[in-house]
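Asks: Mind looking over this structure? Questions follow.
The values are calculated or read from the model by the stated rules, or taken from the named source; none is laboratory data. The structure presented is a predicted model; accordingly, all values stated were derived computationally and were not measured. Neighbour counts are summed over all protein chains in view; Cβ atoms, including those assigned to glycine, are modelled from backbone coordinates with ideal geometry. Side chains included, ligands, DNA and RNA excluded: accessible areas come from the protein's heavy atoms. Shrake-Rupley method; radii C 1.70, N 1.55, O 1.52, S 1.80 Å.
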Amino acid sequence: VQLQAFGGGLVQPGGSLRLSCAASGRTFNNYIMGWFRQAPGKDRVFVAAIWSGGSTYYAGPVKGRFTISRDNVQNTVYLQMNSLKPEDTAVYYCAARPINYMTYNYWGQGTLVTVSS
């Protein structure tokens, strides 16, 4: 499956941004979709995941502020980010994990989110 993420940019603290990730190539419903991020000088970390049926899971630092969703017809996964903080600054990656696998096997190219005044 090929993934293309977009929607990053510069936003002020407290602002909102929505990232999108378009998937192509394989049956979208067969994948758990996730968002990860990598801040400057740090390792890439998990942000959120969504199963094909709509169940979601979030990392602690973003819970209550970020919302992951997916459109199984448009083969797109979204990350709505509200109440953004400077520490949310990172390159955000979408990823796909086959349902019966333990790892994310497919990755998008990343989109930069900068939270700064």
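Asks: Measuring with a 1.4 Å probe in the full set of protein chains, what accessible area per residue, in whole Å², belongs to the chain?
Replies: On the way: 6150 Å² over 117 residues.
Value for the chain: 53 Å² per residue.
Asks: Sort the stretch 72-117 into rounded, prolate or oblate with this rule: let a ≥ b ≥ c be the square roots of the eigenvalues of the Cα gyration tensor; rounded if a/c is under 1.5, and if a/c is not under 1.5, prolate when a/b is larger than b/c, oblate otherwise. Write out the running numbers ahead of the final one.
Replies: Details: a/c = 2.65, a/b = 1.95, b/c = 1.36.
It comes out prolate by the Cα gyration axes.
Asks: Out of the chymotrypsin sites (Phe, Trp or Tyr not before Pro) in the stretch 50-93, which ones are loop residues according to DSSP with at most 15 other C-beta atoms within 10 Å?
Replies: In loop regions of the stretch 50-93 (DSSP not H, G, I, E or B), the sparsely surrounded chymotrypsin sites (Phe, Trp or Tyr not before Pro) are TRP51.
Asks: Based on the alpha-carbon gyration tensor of the chain, what equivalent-ellipsoid semi-axes (square roots of 5 times the eigenvalues) come out, in whole Å, largest first? Show your work: numbers first, answer last.
Replies: Values: eigenvalues 107, 36, 34 Å².
Largest first, the chain gives 23, 13, 13 Å.
Asks: Counting only protein heavy atoms, what percent of the accessible surface of the chain is carbon or sulfur at a 1.4 Å probe?
Replies: Numbers: 2940 of 6150 Å².
That share works out to 48 percent.
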